[in-house]
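First comes the structure, then the notes that go with it.
Bear in mind that the values in this text are calculations on the coordinates, not laboratory data. In this text, all values refer to a predicted model and were calculated from it rather than measured experimentally. Cβ atoms come from the backbone with ideal geometry, glycine included; neighbour counts cover every protein chain shown.
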Amino acid sequence: MQFRVRDREAIANGELTATFRRWRSPQARVGGRYRLDPIVIEVTAVDQIDPSEISVADARAAGHDSPAAVLGAIHRIQRKSADPSAPLYRVRFICLGEQPDPRSILAAEAGLDSEELTAITARLAKMDSRARHGAWTRTTLAAISATPGRRAAELAAAQGRETQKFKTDVRKLKALGLTISLEVGYELSPRGRVVLNALQSASSND
């Protein structure tokens, strides 16, 4: 789950303990932990609700004055990525405080030797071979490199893919330390740039 920078500060201060999202199916699970650098939150409840069920207390827990303000915010924030007819979910969570992110440490490591680079490219090739929609890792890395900060929905559309499935794939790249999530969109990490250069060089030599 993504939150704006100002919302992350409120979460860290304990002022925000809930969020509302429109999803075709839940994209968060109870007990799941989600990093909002530098803090981590743990989801305590995920409930599908009708908009009329949003209470004033719910709205305030999500940082809004009223249920109407909640719905207005959802429309503004998710207007390009969410289906307005998709079910509405209320997600409650607690803040676990600041925790080191091993992916950030990994992402900053650009000094890869040939053995490490071979291992990563082999891992990406395996991910490509398992994908039903065909090879995607190099294309996705290249798209992020060319347009850092571009919305996930726009990147997905440019590749003819569903936004949520595209986001899932980008998270796989992030787990390898190759991408960095921005407030909007993504960028390649130093490690990701090295790997993309290697993939493009290998492709040009084929």
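In plain terms, the chain from Ala146 to Glu187 could stretch by 13.9 nm, reckoned as 0.36 nm per residue minus the Cα-Cα distance. Can you give the net charge of the other residues whose Cβ lies under 12 Å from the Cβ of Leu176, counting K and R as +1 and D and E as -1? It works out to a net charge of +4. If you take the beta carbon distance between Ser52 and Glu15 as r and set R0 to 25 Å, what does 1/(1 + (r/R0)^6) give as a FRET efficiency, to the nearest 0.05? Step by step, r from the Cβ atoms, then E = 0.50. When only alpha carbons are used to place a centre, the range 1-80 and the range 92-145 end up 27 Å from one another. Note on Ala175 and His75: with the Förster distance fixed at 25 Å, the Cβ-Cβ geometry gives a FRET efficiency of about 0.20. Normalised by the number of residues in the range 103-205, the average gap of Cα pairs under 8 Å and 6 or more apart makes the relative contact order 39 percent. Net charge of the neighbourhood of Val5, taken over other residues with C-beta under 12 Å away and scored Lys/Arg +1, Asp/Glu -1, is -1.
A simple count of charges around Ala45, restricted to other residues whose Cβ falls under 9 Å of its Cβ and scoring Lys, Arg +1 and Asp, Glu -1, yields +1. What longest region of the chain stays clear of trypsin sites (Lys or Arg not before Pro) that DSSP places outside H, G, I, E and B and that have at most 13 other Cβ atoms within 10 Å? The longest such stretch corresponds to 133-206.
The longest stretch of the chain left intact once loop-based GluC sites (Glu not before Pro) with at most 15 other Cβ atoms within 10 Å are removed from consideration, loops following DSSP, is 16-108. Note that the range 5-99 carries a Kirkwood radius of 13.5 Å, evaluated over its alpha carbons pair by pair. The helix-based estimate of mean residue ellipticity at 222 nm for the chain, built from -39,500 (n - 2.57) per DSSP H run of four or more residues and divided by its residue count, is -14000 deg cm²/dmol to the nearest 500. In the chain, Cα pairs under 8 Å separated by at least six residues give a relative contact order of 22 percent. For a paramagnetic label modelled on Glu154 (point 7 Å from Cα along Cα→Cβ), amide N atoms under 20 Å away belong, within the range 1-37, to 2-5. For the chain, the longest principal axis of the alpha carbon atoms and the long axis of helix 190-205 meet at an angle near 40°.
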